[in-house]
């Protein structure tokens, strides 16, 4: 199914705001290509198709946007590296009946360029502009520290133009750990993929969903030991993945995946091999 769905009284909609490609080996770490290519066929440059499934949430009187995507601040060389398609995020949001100025809260799971790039854009004179002019931005303090002063294994994934301009808005909200940012909407620190990676949990009227960020970027990563080369501390990612997915199975929580090109969300079951699998009739397709 596509369009708006519900989590209790909340309305949610997954909208594709970016389509791009990354090296398949980087997305699956030590997993041999002969295994991962069955789930994510690579192109002639070893890149696999990915998207950014931005989640729109209407909770009480707030409109929340989770994961603003890659954005458009790329030159031709970068567009070629990422095979970045000219997806117009504004048009995708418009199809959902949402204008950027209506967004109250933006929650990037972390500040890597494919997750936070859509927070800002380049103006006609080369200036950096914020894309959601009335929104508060919720970022873990540990993630902010990593992004503004990245270590040698981190700096290639951050672009300061994505997040430093947010300081001047006065609407940057740095949090520590689990924090409720709107009624029924809370962020939870996981770390692992980055120092301050967070997931987003939605709870309303006994129903629940979780936006997993890069702890589980696609459904191909439902195998516990299929981790990314991008993960800063793989052991932490593994433990967070196991905890979050088992909890989702036990309590019927809907899971959302940021980068799966075909499936934005679903509910899960435990497979006979001990991993996790999609319950087909619960699949939520991304729009756009």
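Just so it is clear, none of the values below were taken in a lab; they were calculated from the coordinates. Since the structure is predicted, the reported quantities are computational estimates derived from the model, not experimental observations. Virtual Cβ from ideal backbone geometry, glycine too; neighbours counted across all protein chains shown.
Would you mind stating whether residue 165 is assigned to a loop (DSSP other than H, G, I, E, B), out of contact with any helix residue (DSSP H, G or I) (no Cβ under 7 Å at 6 or more places or on another chain) and either touching a residue at least 12 places away in the same chain (Cβ under 8 Å) or surrounded by fewer than 16 Cβ atoms within 10 Å (Cβ to Cβ) (or both)?
Criteria not met by residue 165.
Could you tell me whether any residue of region 51-59 is more than 18 Å from residue 203 (Cβ to Cβ) and touching a helix residue (DSSP H, G or I) at 6+ places or on another chain (Cβ under 6 Å)?
Within region 51-59 (the criterion being more than 18 Å from residue 203 (Cβ to Cβ) and touching a helix residue (DSSP H, G or I) at 6+ places or on another chain (Cβ under 6 Å)), the answer is no, since none of the residues qualifies.
Would you tally the residues in region 116-147 being within 12 Å of residue 195 (Cα to Cα) and part of a helix (DSSP H, G or I)?
The number of residues fulfilling the criteria is 7.
So which residues in region 74-92 are within 18 Å of the chain's Cα centre (by Cα) and within 25 Å of residue 197 (Cα to Cα), if there are any at all?
82, 84, 89
From 258, 183, which residue is under 26 Å from residue 131 (Cβ atoms) and surrounded by fewer than 22 Cβ atoms within 10 Å (Cβ to Cβ)?
183
Every residue in region 178-215 that is touching a residue at least 24 places away in the same chain (Cβ under 8 Å), in a loop (DSSP other than H, G, I, E, B) and touching a strand residue (DSSP E or B) at 6+ places or on another chain (Cβ under 7 Å), please.
183, 184, 190, 196, 212
Residue check: is residue 237 surrounded by 22 or more Cβ atoms within 10 Å (Cβ to Cβ) and either closer than 23 Å to residue 39 by Cβ or touching a helix residue (DSSP H, G or I) at 6+ places or on another chain (Cβ under 8 Å) (or both)?
Yes; evaluated as a whole, the condition is true for this residue.
Could you check residue 115 against (1) over 19 Å from residue 65 (Cβ atoms); (2) surrounded by 13 or more Cβ atoms within 10 Å (Cβ to Cβ); (3) out of contact with any helix residue (DSSP H, G or I) (no Cβ under 7 Å at 6 or more places or on another chain) and say which number it fails?
Just one mismatch for residue 115, condition (1).
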